[in-house]
Structures are given as structure tokens and as C-alpha cells.
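Read through the structure below, which is laid out as C-alpha cells, and then see the notes.
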Amino acid sequence: MAATNFSGPVRSQNGFQTISVNSTTGVVTVDATFGATTSVTNLTTTNLVFTDQNHPTTAAINATATATAAQAATGYITSTSAAATTITLPTGTDLGTAIGATRGTVLELYVDNTAGASTVTVAVNTNAVLSSAAADTPGSFGDLTIAAGATGLARFTLMFSSATAYTFSRTA
């Protein structure tokens with residue numbers, strides 16, 4: 001079928017699929033499904049923006065440690081420690097490599113201390129700096145301590161200025 005252009009909305013009750021067809025075997029592969037639950041299985045493009053905040057994989061850090069790039073890349077770190085804990089973020093180089101960052105890449109990182117019994121403090125590492133908003137207003141954007149219990153959930157935004165360096169701010 002030839003490409004079709006539409007000037008109005010395209011609607012479907014059963015979702016949309018993009019496919020690719022192997023030119024040799026003719027095998028059809030579903031690359032992406034768009035519907036009530038959106039999934040992408042065969043991704044070959046760059047500069048994508050992901051807004052789905054569902055975190056099927058999380059990382060648990062229950063003692064003072066440096067988070068691995070893989071742990072931070074999940075976008076969701078939990079802590080259930082009874083003792084005060086400091087989580088140092090991975091270096092800009094390690095995290096940038098893990099997520100394929102380029103200038104302009106943004107990673108939202110949630111730290112969940114709702115099941116913890118003491119505070120969690122987040123610390124930056126090499127090639128990771130507090131944004132000017134965080135440095136100028138340490139009580140909000142620069143608040144790197146997360147309380148334990150019901151209010152112990154924080155969101156941080158990591159904005160890459162290159163493939164190996166990011167700025168860091170608390171955004172919730």
C-alpha cells in the first residue's frame with residue numbers, strides 16, 4: 001500500500017501497528033503497537049522522548065552506596081533502610097553510556113523512601129553537577145534529602161549537556 005496523508009485525525013477502536021517486512025523471507029514483524037497499552041519492540045531511531053512513567057523495573061539501594069548506571073537507568077530507586085542512607089549517582093560518563101545519552105537527553109529519576117525508616121540523601125558524582133536552580137534554591141530544587149515514610153518520594157531530573165555530563169535538580 002502506498003503512503004497516505006491525512007489532514008484530519010486518524011481514529012481506530014483497536015489501536016495501530018507499525019510493521020516491517022523482511023525483503024528476503026517476507027516475514028512480517030510488528031515494530032510498535034499504539035493503543036490502550038503502547039509498546040515498542042523494535043527500535044532503531046534516536047532522539048526519542050519517553051513520557052510513560054511506568055517503571056516495570058526498579059532498583060533497591062538499602063545502604064549507603066554508589067548507584068550503578070543500570071540502577072539509575074531504571075528511573076526508580078527504592079530504599080527501605082532503617083539507617084540514614086546516601087545514594088551517590090553514577091558518573092555522567094557511566095550513566096550517559098548506559099542510556100545512550102546525547103546533548104538534550106532527559107532522565108527522570110524517582111527515589112522512593114516511603115518504606116524506609118530513616119532519611120535518604122542523594123549525592124552527585126563526577127560529570128554530574130547541581131543545576132543553577134538547585135544551587136540557587138537549595139531548599140527546593142537543591143533539596144537532596146528524602147524523608148522516610150508517607151512523604152518519602154522525590155523526583156529528580158537529570159539533563160544531559162553532552163553524552164557524558166548532566167545537571168541534576170529535584171523537581172518534586
Looking at Thr119, is it surrounded by 17 or more Cβ atoms within 10 Å (Cβ to Cβ), in the same structural domain as Thr93 (by TED's automatic domain parsing) and out of contact with any Asp or Glu (no Cβ under 7 Å at 6 or more places or on another chain)?
yes
Only one of Val122, Val129 is closer than 14 Å to Ala154 by Cβ, at pLDDT 90 or above and out of contact with any helix residue (DSSP H, G or I) (no Cβ under 7 Å at 6 or more places or on another chain); which?
Val122
Condition met for Gly149 (within 22 Å of His55 (Cβ to Cβ), assigned by TED's automatic domain parsing to the domain that holds Ala70 and either of a type in the set (Gly, Ala, Ser) or at pLDDT below 95 (or both))
yes
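Considering only the stretch 69-172, give the strands (runs of 3 or more DSSP E) lying wholly within it that have at least 1 residues that are within 19 Å of Thr57 (Cα to Cα). Talk me through it step by step, then tell me what you get.
Working: elements: 76-78, 85-88, 106-112, 120-123, 128-130, 153-162, 165-170.
Ranges flagged: 76-78, 85-88, 106-112, 153-162.
The values are calculated or read from the model by the stated rules, or taken from the named source; none is laboratory data. All values derive from a computational prediction rather than experimental measurement. As a convention, Cβ positions derive from the backbone with ideal geometry for all residues, glycine included, and neighbour counts pool all protein chains shown.
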